[in-house]
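Have a look at the structure below, then the notes.
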Amino acid sequence: MSQRTSGGWTPDAEEMARYGRQFFRWAGIRILEVGGGRAVTELEVADHHRGGGGTRAINGGIVAYMFDGTLGLAVGSTWDAGVRAQVTLTLTIHYLRRLDAERRVVCTAEVVRRGGQTVFVDGAIRDEEGRLAATCSGIYRLFRDGGQPGGAGGGGADGDVADRAP
């Protein structure tokens, strides 16, 4: 069951999965696994996903959307009781080859480092043959009770990158 706190809402795993399903529904993406800093999603390929550079490849915008959502699910699965929200700070996507999947695309994400307010996460997208098509690294910011990132005191104690931003 979720917790209501003075700063907002702390979802449980079931609520995170429900939110993720809503976020992904329009694109046809399904959540296969979420938990422990890891997430796996799957895209059932349809014609409206195609159009990368005038080809039948999966469009890069769909790839980016899938990365943002899947990496976000992995980050969300690490929330503790004080976290009330998260936002994407950066996504760096490397398109390694054309994504020519016919039926299915799988995205995996794993948290590689988590501070008090900043989370670093990596992801990969593969076609149905298991061929790597794109990789991504992302940085997400956590917002805690008290209205400020890093907690009521404004953070800074964990030395996160975002603490030094102007």
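Looking at segment 1-56, what strands (runs of 3 or more DSSP E) fall wholly within it and have at least 2 residues that are of a type in the set (Val, Ile, Thr) and either at pLDDT 85 or above or farther than 16 Å from Ser77 by Cβ (or both)? If you could, list the steps in order and put the result at the bottom.
On the way: elements: 3-5, 8-10, 29-35, 38-44.
The strands (runs of 3 or more DSSP E) meeting that bar are 29-35, 38-44.
Is it the case, given these coordinates, that Asp127 is out of contact with any Leu (no Cβ under 6 Å at 6 or more places or on another chain) and surrounded by fewer than 17 Cβ atoms within 10 Å (Cβ to Cβ)? It would help to see each step written out before you state the result.
Values: out of contact with any Leu (no Cβ under 6 Å at 6 or more places or on another chain): yes; surrounded by fewer than 17 Cβ atoms within 10 Å (Cβ to Cβ): no.
Considered against the rule, which asks whether it is out of contact with any Leu (no Cβ under 6 Å at 6 or more places or on another chain) and surrounded by fewer than 17 Cβ atoms within 10 Å (Cβ to Cβ), Asp127 comes out as no.
Just to verify a result, which residue in segment 82-102, among those that are surrounded by 15 or more Cβ atoms within 10 Å (Cβ to Cβ) and of a type in the set (S, T, N, Q), is farthest from Arg50 (Cα to Cα)?
Result: Gln86.
Residues in segment 51-60: is at least one more than 19 Å from Ile29 (Cα to Cα), in contact (Cβ under 8 Å) with a residue 40 or more places away in the chain, in contact with a Gly (Cβ under 6 Å, 6 or more places away or on another chain) and not acidic (Asp, Glu)?
No: zero hits.
Quick check on segment 57-81: of everything there that is in a helix (DSSP H, G or I) and touching a helix residue (DSSP H, G or I) at 6+ places or on another chain (Cβ under 7 Å), which residue is surrounded by the fewest Cβ atoms within 10 Å (Cβ to Cβ)?
Here is the first cut: in segment 57-81, the residues in a helix (DSSP H, G or I) are 60-76.
Among the residues that remain, those that are also touching a helix residue (DSSP H, G or I) at 6+ places or on another chain (Cβ under 7 Å) are: 60, 62, 69, 73, 76.
Working: Gly60: 16, Ile62: 22, Gly69: 21, Leu73: 26, Gly76: 25.
Checking each candidate, the answer is Gly60.
The values are calculated or read from the model by the stated rules, or taken from the named source; none is laboratory data. Predicted, not measured: the structure shown is a model, and the values here were computed from it. Heads up, the Cβs are rebuilt from the backbone with ideal geometry, glycines too, and the neighbour counts pull from every protein chain shown.
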